[in-house]
1. In this structure, is Glu286 surrounded by fewer than 19 Cβ atoms within 10 Å (Cβ to Cβ), free of Cβ contacts under 8 Å to residues at least 40 places away in the same chain, part of a helix (DSSP H, G or I) and not β-branched (Val, Ile, Thr)?
2. Would it be correct to say that Gly180 is assigned to a loop (DSSP other than H, G, I, E, B), at pLDDT 95 or above and either acidic (Asp, Glu) or surrounded by fewer than 19 Cβ atoms within 10 Å (Cβ to Cβ) (or both)?
3. Of all residues in the stretch 320-338, count the ones that are surrounded by 18 or more Cβ atoms within 10 Å (Cβ to Cβ) and of a type outside the set (A, V, I, L, M, F, W, C).
4. Kindly indicate whether Tyr266 is closer than 26 Å to Trp57 by Cβ and touching a strand residue (DSSP E or B) at 6+ places or on another chain (Cβ under 9 Å).
5. Starting from residues that are assigned to a loop (DSSP other than H, G, I, E, B) and of a type in the set (D, E, K, R), keep the ones in the stretch 304-319 and report whichever is surrounded by the most Cβ atoms within 10 Å (Cβ to Cβ).
6. Of all residues in the stretch 206-250, which are assigned to a loop (DSSP other than H, G, I, E, B) and either of a type outside the set (Asp, Glu) or without any contact (Cβ under 8 Å) to a residue 12 or more places away in the chain (or both)?
7. Among the residues of the stretch 71-86, is any under 30 Å from Phe331 (Cα atoms) and part of a helix (DSSP H, G or I)?
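The values are calculated or read from the model by the stated rules, or taken from the named source; none is laboratory data. Owing to the predicted nature of the structure, the values given are computational and were not obtained by experimental measurement. We place every Cβ from the backbone using ideal geometry, glycine too, and count neighbours over all the protein chains shown.
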Amino acid sequence: MKKRILAIVLACALLLAVAAGCGAQNNASSAAQSSAAQSSAAESTAEKTKITFVLDWTPNTNHTGLYVAEKKGYFADAGLDVEIVQPPEDGAEVMVGAGKAQFGVSFQDSVIPYVAGDNKVPVTSVAAVVQHNTSGIISLKGKGMDRPKGMEGKKYATWDLPIEKATLKHVVEADGGDFGKVELIPSTVTDEVSALQSGQVDAIWIFYGWAGVAAEQAQLDTDYFAFKDIDPVFDYYTPVIIGNTDWMSANPDTAKKFLSALKKGYEFAAQQPEESAGILLEYAPELDAKLVKASQIYLSKEYISDAKQWGYIDPARWNAFYNWINENKLFETQIPENTGFTNDYLE
């Protein structure tokens, strides 16, 4: 009996030793696998090309495709590590032109000093965020400003910019009005609904996809006219994606990969506005969710609209606006045809 017990004890000890050995082997194997996975992840991150993208303002629905591309892994799949940053006080154009960011957001009218004249920097517009100019003048309904002539004798909130005032003068006079009778009130309006309700101003230049939709959400009865409906010359590109010209010339394949991934993001935002609005809110939870969702539905139809693909810039429309700038002597020098944009990096 003692021998049998001794045999059982020895057998158990042997089994425990074997189990311990197997456990050690498994632990070592797991540790090795974990280490290999971490190493692989580190190598994968190290292999990705770093891209810095600078916004023009705080996150909004103009930027949704960018955040979708990040969330859905389109940038990662293209081998890119994209960092999205806020603009400096002197604007996204300066940051991109200085090479501190490879890409950013600007506007065809705002980018003029950076692509023409004596102080230009290496910046080029490479994609249109939306196809058509969605800006115009909003006012309280019944105030007579459903057309430009009706702005006579009314208070308009102006940024006091030459192109802005020339645009307004053009549409008012094209409608038979007297621009000299429009009361220009220097003001930077951040809450259009409150400004109109309070009577602080009577008319405000807005982008309908955000401020116009906000007025709808507030159930404010308004009148609105779009500049492009008054004169097609104002159907220029706003906003646009800009890139550092020198960096793109040296890295054309990477630039194309970035824009291809970004294009996928905006195509998704156009097709799935509600899900895309949710993605934007993940990155910018401080935004009004109801406004973001409504704005996203509006802009989903504007990202591509009637263009052959997202991002395409029509040379005729681009040149028409700059020719108008030339004709009205709104810039220090003449802007040559095809200045400041390219479709070469779109695929």
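1. On the way: surrounded by fewer than 19 Cβ atoms within 10 Å (Cβ to Cβ): yes; free of Cβ contacts under 8 Å to residues at least 40 places away in the same chain: yes; part of a helix (DSSP H, G or I): no; not β-branched (Val, Ile, Thr): yes.
Considered against the rule, which asks whether it is surrounded by fewer than 19 Cβ atoms within 10 Å (Cβ to Cβ), free of Cβ contacts under 8 Å to residues at least 40 places away in the same chain, part of a helix (DSSP H, G or I) and not β-branched (Val, Ile, Thr), Glu286 comes out as no.
2. When the stated conditions are applied, Gly180 does not pass them.
3. Count: 1.
4. It is true that Tyr266 is closer than 26 Å to Trp57 by Cβ and touching a strand residue (DSSP E or B) at 6+ places or on another chain (Cβ under 9 Å).
5. Residues of the stretch 304-319 that are assigned to a loop (DSSP other than H, G, I, E, B), as a first pass: 304-310, 312-314.
So of that shortlist, the ones also of a type in the set (D, E, K, R) come out as 306, 308, 314.
Numbers: Asp306: 6, Lys308: 7, Asp314: 16.
Of everything passing the filter in the stretch 304-319, Asp314 is surrounded by the most Cβ atoms within 10 Å (Cβ to Cβ).
6. Of everything in the stretch 206-250, those that are assigned to a loop (DSSP other than H, G, I, E, B) and either of a type outside the set (Asp, Glu) or without any contact (Cβ under 8 Å) to a residue 12 or more places away in the chain (or both) turn out to be Ala218, Gln219, Leu220, Tyr236, Tyr237, Thr238, Pro239.
7. So far as the stretch 71-86 goes, no, none of its residues is under 30 Å from Phe331 (Cα atoms) and part of a helix (DSSP H, G or I).
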